[in-house]
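Visitor: Have a look at this one.
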Amino acid sequence: MSNKFERYMKLYRKTRWIKLRMFWDDFKHSKLGMCGLIMLIIFIIISILVVTNTIIPAEFPKKWRSPGEWSDYPELVPPEWWLKLTGQPIFPHTVVTKTFPEGKKEAIIAFHYDANTFPTDAKLNVEIIPKGTNIIRITIIIHRPDKHKITIYDKTESITERANRTIISLFIRRESEISHILVNHFKLNVSPDIVNNLCILFGEESQDMWTPAKAKPLKGSYVLIIRTSTFEGEVKISKVKLTLYANAYGLMGTDSYRRDLFLGLLWGFPIALLIGIVTSFLTTIVGVIYAVISAYYGGYVDEVMQRIVDIVSSIPVLPVLILCAMIFGPKLIIIIGILVALTWTGGIKTIRAMVFQIREAPYIEMARVAGASTRWIILRHILPQVLPYSFYLMVIGVPGYILTEAGLSYLGLGDPTLPTWGQILHDASIHGAALCGYWWWVIPPGILIALVGLSFAMIGVAVDKILNPKLKY
Amino acid sequence: MTNREVIVKAENLKKWFPIKTGLLSIFKKEKLYVRAVDGISFNIFRGETFCLVGESGCGKTTTGRLLLRLLKPTDGRIIFENKDITMTPEKQLIEFRRKTSMISQDPYAAMNPRFTVFEVISEPLTIHKIGSFEEKIEIVSKLLEEVKLTPIEEFLWRFPHQLSGGQRQRVCIARALALNPEFIVADEPVSMLDLSIRAEILQLLRDLQLKRNLTYLYITHDLSTARYFCDRIAVMYLGKIVELSSADEIADNPIHPYTKALIAAVPEPDPSNRLKMREVPIKGEIPSPINIPSGCRFINRCVVYDNAPEKIKKLCKTKEPPLTEVEDNHYVSCWMYIK
Amino acid sequence: MKELLEVRELKTYFILDERRIVKAVDNVSIRLSQGESLGLAGESGCGKSTLGYSILTCIPRPGKIVGGEILFEGENVANKPESWLRRHYRWIKVSMVFQGAMNSLNPVLTVGRQLSEPLVYHKNMTYKEARKYVVEALKLVGLPEHIVDRYPHELSGGMKQRAVIAMALILKPKLVIADEPTTALDVVVQAQIINLLKNLTQREGMGLILITHDLSVLSEVVDKVAIMYAGKIVEYGTSEQIYLTPKHPYTQKLLRAVPRLHVKVDKLEFIPGAPPNLISPPPGCRFHPRCPIFKEKSNFKGLCDIEEPPLIEVEPEHKVACWIYAKR
């Protein structure tokens, strides 16, 4: 007997997965499906790498939220490859640091300017150690290679003493006073309001040096002298850092908060997949169980349950979401919860029709003759036949939910603590990125949303062709 | 006939299906019903093959379902092995379900297309929690041998769509035998099979009956097969039995006008038949089972009625004839023949 | 008298893909004169329905006539273009009552409207003009005039089948092919339809090809019978010859498998096994794996399983394809 038994078991194991293997064989043939699947696998790999912190350090969302963390990054610059592609000159990110361990009253730093274009901004950090005084005078003078000497900063300020060290930050581009100084120094015939400080500072002297379109960079050695003085007490400079911001950064550029968009976009993958898959999964489960129960029992139960479906499906999702966002705050759990609660009615009609058809089948009657309980019939006969189509519903629902979340974030209702693509688009829109031509802020998130949605849609189409309930055996 | 044990007894069984005309039909006073089974009584003896024969809509299939308690009767009683199971709740019917099973008309539709043959046959075992996996394989293998589906390895793991019509029906028969039942309802088991294998399946059923002392309720509209296979035949019309006797009696000596019409209508493979028109002594069409007239329900189609004496005509119009023994073990419900 | 229909060595194959070809009708020849009725009998998958479709030149995809001729009144319709067939042949000369047609009536059109369609299409009548002919056709099948305005769901099964037969008769074709016209009907209605078919052939002189697996029904209607097995005709002759003196083992076994009502039968015979796969049928005689003679008598081994027996005449008008009767 055991010999026979072993033979039977071998065949049993072969046929156990036969349905799955048949499905996979069919799926392999669909070019669309395989394309979508490969894309999805890539996205999942990226998500795993992101979540396990291999390519992005942990705590990234926190970093995303605090603009202070990004002060060393250039502001609103396109990706590096874009400048290479369009043949524009790149200004490399230059940081010149000098520390003075004992402190000095006058600090001098020199640097060599070699680039073919101008930096997008320049930041000067001066670390001072004030002793016994609040009032400090700082003077900054720059010596250009063409022997021009400009005092770009000369101010007396009061500084709140904080732990013996104080950092003074000076962003050169924004300072309108520097504009006035520069315009006057070079006797330019323009209003100081419209000049670009950096072009003038680092440009060859000419009447056009105030605009980056016509100015030419002045190459050579520059020297910066920083002087401090006080009335009473003592002030010493411990560290000076000059940052010349590049005009391009990284793979995806930066936004107006100076955040590296590449990392932000990468972070969007696991979140988008999570939101889409989780919401779709929950919605499908609720919908399928509801439809099976409603259709199996039929009669009044079915009537009542279907009326509930009618009511729920007529509740407008967006106003409810807005309302809840206002009341409870835009938390992700709430958003997913409401989406599940209001959109589970999606696939009900088809599943219900399928269950009606299966319910009348003779083999169901046969199971009852053998003494099957309702639970048995639903679990062993009805659900397995409904499951393939439910799988399809789940797959096809994911892009919808990803888009919904993106749309919500875009409208400002999304969870602001999470760096989702919708959030990025939201920030882009409130900063007018599209209008100002900062395409690297607007287009990549959009494309990624579309690609993720597309991959699911392609898989869904391939799955539908194979599992369509209309195609009977 | 020796005093034989009655295994199934139907007492004045009725099944009326209400006609719903929408949600508001609950407010309608006059409710309409489809009177599928309208008061039938009969006994089935252990070991016999009892046949319910009739045209479509006569209620034979519904009766079969009532006897298996797949439907609850509107009125009347069902008695199985001396226990009244008319109103027993489903949970207490486990023993009953083990002792009864069914074979149905379309063997392909009677199997879940995603189940292997093993899963189909072992489903009753699993429902009743009988046997471990190995034991189930043992039992199923023995059943496959019994229905002559060999070699067993070839069939155990096949899917229904990989089997021929005859093989599928054998699998359904094996499933019906899984729990060692005593009573099997066979609803048109061979009507969808090819002519050359019908006899094979019927022979198999007969062999199984002798071996296992089974009792069959055979439901069909094909009188020729009924005569060949069954011991006793009950002819049904519009939810009632109009004639009940042994198979040979019904075929050779029909009494009720309806039975006579049915017998006359059956074609025979005799080439001389084509030279004359087949005369069927019946009028009109089958009436709807909703509005059943009082009195004998066959009255509108009965050719005997037209030539009957006045006294009997009056009875036919007003009173429904009961099923009465008019000859030895030959029951008819027709006023012409009841004394 | 010219033959109404002559089918010569017809081959209708279903081409599933490059490697799989179902030889549904394989080298079949039949003959029918005006006013004659022929029965095509056989089990499921023997090709009788496909033969019917082929004669109507309306074979469902992916079927094709790949060889042979269908001569209707002398003209070969197997290679005529679609436009000619539509205008001069289908429904005008030959019509068909399809299997299960009574359930395929359009539920949203009245019976009269559906019956009028061939008239409107072929004879350019209006629906009003067609009504007269429709009523005539209904009378021919025994239906009253008011049926013209009824919808299919208002009719019983028997009435629907008659309506479908009327639809086939509406243009007064010379030949009607009826595919399983009585299968889904009750026995009383079946008798009525059989009587109707008899009427049409015997009184109206209509040619009829009756396709069914029910040998009892066949014997009540047709004059000639062709028994088909696995795409071939195995026996062919008059009703008397086939039913009373069948020669082919398959026919003999088949007739002994028919259950009888008026005669007490002790044992019904059956044929073990199943009809063969038409993509790769058995070599030689297609029936040999199930043939009792082949199994019992050893002198047929090496003959029936290698060479196909030809259809030869054993007595006038009686042809058999079996090595018992054919000479090597």
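The values are calculated or read from the model by the stated rules, or taken from the named source; none is laboratory data. Only a predicted model underlies this, so the values are computations on that prediction, with no experimental measurement involved. As a convention, Cβ positions derive from the backbone with ideal geometry for all residues, glycine included, and neighbour counts pool all protein chains shown. Keep in mind that these areas ignore ligands, DNA and RNA; they rest on the heavy atoms of the full protein, side chains included. Shrake-Rupley method; radii C 1.70, N 1.55, O 1.52, S 1.80 Å.
Visitor: Within the stretch C:307-328, can you find the residues that are assigned to a loop (DSSP other than H, G, I, E, B) and either in contact (Cβ under 8 Å) with a residue 24 or more places away in the chain or touching a Gly at 6+ places or on another chain (Cβ under 8 Å) (or both)?
Guide: C:E307, C:E308, C:P309, C:L311, C:E317, C:A321, C:C322, C:W323, C:I324, C:Y325, C:R328
Visitor: Further question: Can you tell me which residue within the stretch B:159-178, out of those that are out of contact with any Leu (no Cβ under 8 Å at 6 or more places or on another chain) and more than 9 Å from chain A (Cβ to nearest Cβ), is farthest from B:F115 (Cα to Cα)?
Guide: B:S164
Visitor: Being within 11 Å of chain A (Cβ to nearest Cβ) and under 25 Å from the mean Cα position of the chain (by Cα) narrows it down to one of B:I121, B:I127, so name that one.
Guide: Of the residues listed, the single one that is within 11 Å of chain A (Cβ to nearest Cβ) and under 25 Å from the mean Cα position of the chain (by Cα) is B:I121.
Visitor: What single numbered condition from (1) in contact (Cβ under 8 Å) with a residue 40 or more places away in the chain; (2) of a type in the set (D, E); (3) outside any loop (DSSP other than H, G, I, E, B) fails to hold for B:E135?
Guide: Failing condition for B:E135: (1).
Visitor: Could you list, in sequence order, the residues of the stretch A:206-238 that are of a type in the set (D, E, K, R) and either at pLDDT 85 or above or in a loop (DSSP other than H, G, I, E, B) (or both)?
Guide: A:D208, A:K214, A:K216, A:K219, A:R227, A:E232
Visitor: Say we look at the stretch A:100-127 and pick out the residues that are of a type in the set (A, V, I, L, M) and either within 11 Å of A:R227 (Cα to Cα) or part of a loop (DSSP other than H, G, I, E, B) (or both); which of these is modelled with the highest pLDDT?
Guide: Among residues in the stretch A:100-127 that are of a type in the set (A, V, I, L, M) and either within 11 Å of A:R227 (Cα to Cα) or part of a loop (DSSP other than H, G, I, E, B) (or both), the one modelled with the highest pLDDT is A:I108.
Visitor: When only residues in the stretch A:197-216 that are open to solvent by less than 20 Å² (accessible area, probe 1.4 Å) and touching a helix residue (DSSP H, G or I) at 6+ places or on another chain (Cβ under 6 Å) count, which is nearest to A:N134 (Cα to Cα)?
Guide: Selected residue: A:N197.
Visitor: Among the residues in the stretch B:89-103, are any facing chain A (nearest Cβ under 8 Å) and among the β-branched types (V, I, T)?
Guide: The answer is yes, given that some residue of the stretch B:89-103 is facing chain A (nearest Cβ under 8 Å) and among the β-branched types (V, I, T).
Yes/no matrix, rows are residues, columns are (1) touching a helix residue (DSSP H, G or I) at 6+ places or on another chain (Cβ under 6 Å); (2) outside any helix (DSSP H, G or I); (3) free of Cβ contacts under 8 Å to residues at least 60 places away in the same chain; (4) within 21 Å of B:L125 (Cα to Cα):
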| residue | (1), (2), (3), (4) |
| --- | --- |
| B:T63 | no, no, no, no |
| B:L71 | yes, yes, yes, no |
| B:R98 | no, no, no, yes |
| B:A109 | yes, yes, yes, yes |
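Visitor: Let me ask another. Return yes when B:K240 is away from chain C (no Cβ under 13 Å) and touching an Asp or Glu at 6+ places or on another chain (Cβ under 8 Å) and no when it is not.
Guide: Yes: the conditions hold for B:K240.
Visitor: In this structure, is B:R278 assigned to a loop (DSSP other than H, G, I, E, B), without any contact (Cβ under 8 Å) to a residue 40 or more places away in the chain, within 12 Å of chain C (Cβ to nearest Cβ) and not acidic (D, E)?
Guide: For B:R278, the condition - assigned to a loop (DSSP other than H, G, I, E, B), without any contact (Cβ under 8 Å) to a residue 40 or more places away in the chain, within 12 Å of chain C (Cβ to nearest Cβ) and not acidic (D, E) - is met.
Visitor: Here's something else I'd like to know. Out of everything in the stretch C:124-152 that is within 24 Å of C:R87 (Cβ to Cβ) and not in a helix (DSSP H, G or I), what residue ends up being most open to solvent (accessible area, probe 1.4 Å)?
Guide: C:N124
Visitor: So in the stretch B:141-158, with the set limited to residues that are within 8 Å of another protein chain (Cβ to nearest Cβ) and touching a residue at least 24 places away in the same chain (Cβ under 8 Å), which one is surrounded by the fewest Cβ atoms within 10 Å (Cβ to Cβ)?
Guide: Across the stretch B:141-158, the extreme among qualifying residues is B:W157.
Visitor: Shifting gears a bit: Of the residues A:Y363, A:Y389, only one is in a helix (DSSP H, G or I), open to solvent by less than 40 Å² (accessible area, probe 1.4 Å) and more than 13 Å from chain B (Cβ to nearest Cβ); which?
Guide: Going through A:Y363, A:Y389 in turn, just one is in a helix (DSSP H, G or I), open to solvent by less than 40 Å² (accessible area, probe 1.4 Å) and more than 13 Å from chain B (Cβ to nearest Cβ): A:Y389.
Visitor: Give me a count of the residues in the stretch A:304-335 that are closer than 27 Å to A:R352 by Cβ, touching a residue at least 12 places away in the same chain (Cβ under 8 Å) and open to solvent by 50 Å² or more (accessible area, probe 1.4 Å).
Guide: 2
Visitor: Go through the stretch A:395-409 and report how many residues are surrounded by 23 or more Cβ atoms within 10 Å (Cβ to Cβ) and either free of Cβ contacts under 8 Å to residues at least 40 places away in the same chain or more than 26 Å from A:I424 (Cβ to Cβ) (or both).
Guide: Residues flagged as surrounded by 23 or more Cβ atoms within 10 Å (Cβ to Cβ) and either free of Cβ contacts under 8 Å to residues at least 40 places away in the same chain or more than 26 Å from A:I424 (Cβ to Cβ) (or both) within the stretch A:395-409 amount to 1.
Visitor: Just name the residue that is farthest from the other protein chains (Cβ to nearest Cβ) out of those in the stretch C:207-265 that are touching a Ser or Thr at 6+ places or on another chain (Cβ under 8 Å) and polar (S, T, N, Q).
Guide: Looking at the filtered set, the residue picked out is C:T212.
Visitor: Something else about it: Given the residues A:I396, A:I378, A:I382, which is the only one that is more than 9 Å from chain B (Cβ to nearest Cβ) and either assigned to a loop (DSSP other than H, G, I, E, B) or more than 17 Å from A:L467 (Cβ to Cβ) (or both)?
Guide: Step by step, each of A:I396, A:I378, A:I382 is checked, and only A:I378 is more than 9 Å from chain B (Cβ to nearest Cβ) and either assigned to a loop (DSSP other than H, G, I, E, B) or more than 17 Å from A:L467 (Cβ to Cβ) (or both).
Visitor: Based on what the data block shows, is B:T126 without any contact (Cβ under 8 Å) to a residue 12 or more places away in the chain, among the hydroxyl-bearing types (S, T, Y) and closer than 19 Å to B:L208 by Cβ?
Guide: no
Visitor: Out of the stretch A:434-448, which residues are under 15 Å from the mean Cα position of the chain (by Cα) and on the phi > 0 side of the Ramachandran plot?
Guide: None; the set is empty.
Visitor: Can you find even one residue in the stretch A:299-317 that is outside any loop (DSSP other than H, G, I, E, B), in the same structural domain as A:L408 (by the TED database) and closer than 17 Å to A:G407 by Cβ?
Guide: Yes, the stretch A:299-317 has at least one match.
Visitor: Please state which of the following conditions B:S196 fails to meet, knowing it meets all the rest: (1) of a type in the set (S, T, Y); (2) more than 10 Å from chain A (Cβ to nearest Cβ); (3) open to solvent by 10 Å² or more (accessible area, probe 1.4 Å).
Guide: (3)
Visitor: Conditions first: (1) surrounded by 22 or more Cβ atoms within 10 Å (Cβ to Cβ); (2) of a type outside the set (A, V, I, L, M); (3) at the interface with another protein chain (Cβ under 9 Å from one of its Cβ atoms); (4) assigned to a loop (DSSP other than H, G, I, E, B). C:C304 passes all but one, so which condition is the exception?
Guide: Condition (3) is where C:C304 drops out.
Visitor: Now for a different question. Please go through the stretch A:16-46 and give me each residue that is among the aliphatic types (A, V, I, L, M) and within 14 Å of chain B (Cβ to nearest Cβ), ordered by number.
Guide: Result: A:I18, A:L20, A:M22.
Visitor: While we're on this one: Would you point out the residue of the stretch B:281-305, among those that are away from chain C (no Cβ under 12 Å) and under 24 Å from B:C51 (Cα atoms), that is modelled with the lowest pLDDT?
Guide: B:P289
Visitor: Kindly state which strands (runs of 3 or more DSSP E) lie completely within the stretch C:191-296 and contain at least 3 residues that are without any contact (Cβ under 8 Å) to a residue 24 or more places away in the chain and open to solvent by less than 50 Å² (accessible area, probe 1.4 Å).
Guide: Of the strands (runs of 3 or more DSSP E) lying wholly inside the stretch C:191-296, none has at least 3 residues that are without any contact (Cβ under 8 Å) to a residue 24 or more places away in the chain and open to solvent by less than 50 Å² (accessible area, probe 1.4 Å).
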